[in-house]
Each structure stands twice: as structure tokens, then as C-alpha cells.
Amino acid sequence: MAQSIPTRIYLTEEEMPINWYNLRADMKEKPDPILHPGTLEPVSAELMEGIFCKESVKQEMDKTTRDIPIPEGIQNFYRAFRPSALIRASYLEKALGTPAEIYYKFEGTNTSGSHKLNSAGPQAFYAKEEGLTNLTTETGAGQWGTALAMACGFYNLDLTVYMVKVSSEQKPYRKAVMETYGAKVIPSPSDTTQAGKKILESDPNTGGSLGCAISEAVEKAVQTEKCRYVLGSVLDHVLLHQSVIGLETKTALDKFGIKPDIIIGCAGGGSNFGGLIAPFMGEKLNGKSSARFIVVEPASCPSFTRGRYVYDFGDTAKMTPLIRMMTLGNGYIPSPNHAGGLRFHGMSPILSKLYHDGYLEARAENQTDVFDAAIRFMKSEGILPAPESSHAIKAAIDEALECKKTGEKKIILFGLSGTGYFDLSAYMAYNAKTLSDKVPTDADLEKGFATIPDIPQNK
């Protein structure tokens, strides 16, 4: 008799991963190295350690070790909120009338409301082990800032968060949670840094961007004793930590012999999507899977679908090393949509390389269409999704409806990276029909592309 598949598949603590999975080890062509902007040579560990924690730098540089042990101290931290549930969206399937099976990995049940805690904990742990006392970071929608504030509270570290100004105005309760955990939150750009002052001089009314906030956080870190900057997305060590999402998901699916045909996630920098797809992409790279991978971004910040695969700075003030990635240009300022976590000008170098090499499909979605999908999901499944996660929901619904047309019974998996309970102003705007769908013109994009450094891109 076939084993019955429960609506919610929970792993035991004993089934949680004890290693992170380094996807780069199975990539036959590795992402291009991070470059020093002055010499255009690969950056040294010593240079990176002036900005990031030493263990994070070690993991960033490691392109060959497939399984990297999760320290017992971090495993203990994970047990406070992991494993997370893998859920069959049977009510959504019924509402759509599709023969497809839809599953989602739900990362929003911890207090931070998102997947971001998976990397915040390790980075705070490593900072404490190194003897640091302070951390700085940026945040868009506030999910990363909230998660890091939680982790710093747990490990007794001081934290300064530069929050994108428009997001701090849209999401005051996120700011309140961060401050309650003890973090200092500064709307960015601000007059507390030289980078912020320069940005404000050129555009006093700017709503800011993640690139602006990164510039301020990096400047603050390098000028503060026993302090380092930590990042919530984009870089390889962050995607490494987030691989717990995909590893748990694969273990849960394997228990019931389920093989996904389509795997979908939203991406702003790439940590959620990269973490979800990691072990499944590893199978594809090794010829063991024919699954499709779909990454979804906002039409207002289309790094994949309209960007360029080149070396660029990760911040607006051009303080970071150069990263080869899909980018709209470090000076690109997206419109103030409500998916604040997806408003970064670039994308993970791992995902950028996979997209460039044809392993990923990319879609850009308008804000109102995304919220339409969020409401459809909410009414069926009873969960209020974050605007960021709703981009994945939109693509999952589209794929399920395509199955309805063709009669194919495909297995669709998507990542529900967070909840939307701090995003009620966005839902209020949706209900009031005041959401905008501003999409950049070619001229807007050219302004961003003009800020990409003029260097040999085949270095």
C-alpha cells in the first residue's frame, strides 16, 4: 500500500542537516572571482577580513568543499526555529482546478518572519567567536535587519542597521522590532556617514536603495573598533547558510518519493532562492535531474531579465570589491515598490552564473499582479505572504494553470520565504487600489548601466 502523504511534512530534529551544502563544488564552471577595484586582481582573504568576519571570508573563498559542517553552537541556535514545514497547497490546487501538485517550504514561522535567520545566526555566532563586539548591516523590507537584531540579541552584540528610507517609512513596526531587540536603526541615506551625505547632496529627496544602505553600513564598520559588516544576501557564504532550506526540503520530499518538476523562488539578492534550489540544482548539474528552475523578480528592479552580466560594485558609493553578477548598475535606484527586500541592483554571483549558463529561467512581475496572486493564495491557504514571497506564488499559480490547460500532473515546489504581517500598509494600498506598476524605461536603465565601472569584463 502506498504511503499516505500528509498535508504538512515535518522533519524531526534528528533529520535536520548537520552540514551546509556548497553548490559551487558541483559547478563545472565556477562563478568569477571577486576583484580588487584598484588592481583588478582577485581579492585576498586579508582584504575581505577587514570588512567581514574571518569565518565568513573562509566560506566565501571555498569553492571546492561540498559539505561544510554546521558547528554545534549554530545547530543549537537552529533548533529554536527549525526544521520548518513543507506544506502541500491542496486548497490552492482545488481553487485553481489544476492537476498539478503544489508544495511550498514555509520559512516564516520564526519571530523574524522570514528565512533570514538561517544566516543571521551563523554570522553573529562567528562574530562572537572572533571576539567582535559590534556589527553593522543594511536592510530593505526589514526582514534581514530583524533577523540579525534577534541573533545579536542572542549573542549579546551591538548592532547598527541602515534601513532603506522608503522601507523604514512603509514598515515602522519592523523598525520597532529591531529596536526592541536592541539594534540602532538609521534610515538610509543618512547624514551619519560620508557616503550618505554624498548621496543626499545629489538627491535630497531620494527614498534610498539597498546599494545606498550597504555603502553606509560598510563605512560605519571599517571606522568602528571590533566591528564588522555582515550581509544578508548576494554573497556565496550567505547562500551556503541558506542551503538548510533546500536540504530540509529534499529530505522531506525524498521520504515520500516526490521529485519536483518545477522549483520556483523570488530573488532580490538571491539567498532565499539559492538556498531552496541548492541540492536540487546539484542533482541537475550532475545529470540526475531534469527539473526546471524559475527565479522571479519585480518588474521595477529587473536585474535578471533586463540586467547585464558584468563586474560591478555591490554598493552605490563604490566601496565594495567588484562582483561579476547580473546587475542594473550600482547607481540604479528602483521605484519604491512594497517588495523592499527585492530592490537590490545586482544578484548573487552563483545565481548570475547559473542564469548566464542557461540553468535558470527568469521572470519579472508587476506589483499589482503579484498582490493578486498573494490574495488568491491567502484565501486558499490561510497564510498572509510577504510581498517578496508573493512573486514566487505568482509564478507557481501561472505554472499550475498551464498544467490545467495541458492536463499534465507536474510537481511544483516554491519557497514561501516570509510572512506579510509587517507589510499591512502594502495590503492597505492594494485594497485601496493605489498600488503602482512603475517599470523602468530603457532610459532609466541606461542611467544605471552608466554607473557600471569601465573595466575589462573578461578579466
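The values are calculated or read from the model by the stated rules, or taken from the named source; none is laboratory data. None of the values given here were measured: they were computed from a predicted structure. Note that each Cβ is placed from the backbone with ideal geometry, even for glycine, and that neighbours are counted across all protein chains shown.
Things worth noting here:
- Filtering ASP203, ASP191 for residues that are among the acidic types (Asp, Glu) and over 24 Å from GLY268 (Cβ atoms) leaves a single hit, ASP191.
- Every residue from the range 156-175 that is modelled with pLDDT of 95 or more and either touching an Asp or Glu at 6+ places or on another chain (Cβ under 8 Å) or over 15 Å from ILE186 (Cα atoms) (or both): ASN156, LEU157, VAL161, TYR162, MET163
- Selection of the range 104-126 for residues being surrounded by fewer than 24 Cβ atoms within 10 Å (Cβ to Cβ) and either at pLDDT 95 or above or under 14 Å from the mean Cα position of the chain (by Cα) (or both) yields PHE106, GLY108, PHE125.
- Look at the range 242-263: where a residue is farther than 17 Å from LEU23 by Cβ and a partner is polar (S, T, N, Q) and outside any helix (DSSP H, G or I), sitting 6+ places away or on another chain with Cβ atoms under 7 Å, you get PHE256/GLN3.
- Flag for ALA395 being in a helix (DSSP H, G or I), in contact with a Leu (Cβ under 9 Å, 6 or more places away or on another chain) and touching a residue at least 40 places away in the same chain (Cβ under 8 Å): no
- Test: GLU138 is surrounded by fewer than 23 Cβ atoms within 10 Å (Cβ to Cβ) and of a type in the set (Asp, Glu): no
- Verdict on THR39 being modelled with pLDDT under 95 and out of contact with any Pro (no Cβ under 9 Å at 6 or more places or on another chain): yes
- Selection status of GLY341, of a type in the set (Gly, Ala, Ser) and surrounded by 24 or more Cβ atoms within 10 Å (Cβ to Cβ): yes
- The set of residues in the range 219-272 being among the hydroxyl-bearing types (Ser, Thr, Tyr) and not in a loop (DSSP other than H, G, I, E, B) consists of TYR229, SER243, THR249, THR251, SER271.
- The requirement of being modelled with pLDDT of 95 or more and over 18 Å from ASN118 (Cβ atoms) is fulfilled nowhere in the range 70-79; no residue meets it.
- Failed condition for LEU96, given (1) hydrophobic (A, V, I, L, M, F, W, C); (2) more than 30 Å from LYS405 (Cβ to Cβ); (3) touching a residue at least 60 places away in the same chain (Cβ under 8 Å): (2)
- Tally of residues being loosely packed, with under 14 Cβ neighbours inside 10 Å and closer than 25 Å to GLY418 by Cβ across the range 48-92: 3
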